[in-house]
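Visitor: Starting off with a structure, shown below.
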Amino acid sequence: MEDQSPKIDLVWGCAAIARVIRRTPRQCFYMLENGTLPAKKVGGRWVIERGKLLALFLEDVA
């Protein structure tokens, strides 16, 4: 029997998120703190779903 649950690709931590969006960790932290990025804090660490992060930038281009 196959697992049919959806796969969620999470990006954990400001430095990892910064690498995905190609910004410095400082720039990324600013964007996280002011709510520009749709991320949440879990246990003191920022986390965001990779698909939502990429969609945020792709919708601005279109």
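Visitor: Would you confirm whether any residue within segment 51-59 is more than 13 Å from the chain's Cα centre (by Cα), assigned to a helix (DSSP H, G or I), surrounded by 10 or more Cβ atoms within 10 Å (Cβ to Cβ) and aromatic (Phe, Trp, Tyr)?
Guide: The answer is no; no qualifying residue exists.
Visitor: If a residue must be over 10 Å from the mean Cα position of the chain (by Cα) and either exposed (fewer than 12 other Cβ atoms within 10 Å of the Cβ) or not in a helix (DSSP H, G or I) (or both), how many such residues does segment 1-32 contain?
Guide: 12
Visitor: Could you list, in sequence order, all residues of segment 15-38 that are farther than 20 Å from LEU58 by Cα and hydrophobic (A, V, I, L, M, F, W, C)?
Guide: ALA15, PHE29
Visitor: Filter segment 10-42 for residues that are modelled with pLDDT under 95 and on the phi > 0 side of the Ramachandran plot and give the result.
Guide: ARG22, GLY35
Visitor: Would you tally the residues in segment 34-47 being loosely packed, with under 13 Cβ neighbours inside 10 Å and under 13 Å from the mean Cα position of the chain (by Cα)?
Guide: So the answer is 7.
Visitor: Which condition from (1) part of a loop (DSSP other than H, G, I, E, B); (2) over 23 Å from PRO6 (Cα atoms) is the one that LEU37 breaks?
Guide: Every listed condition holds for LEU37 apart from (2).
The values are calculated or read from the model by the stated rules, or taken from the named source; none is laboratory data. What you see is a predicted model, and the numbers here were worked out from it, not measured in a lab. Because the Cβ atoms are built from the backbone with ideal geometry, glycine has one as well, and the counts that use them run over all protein chains shown.
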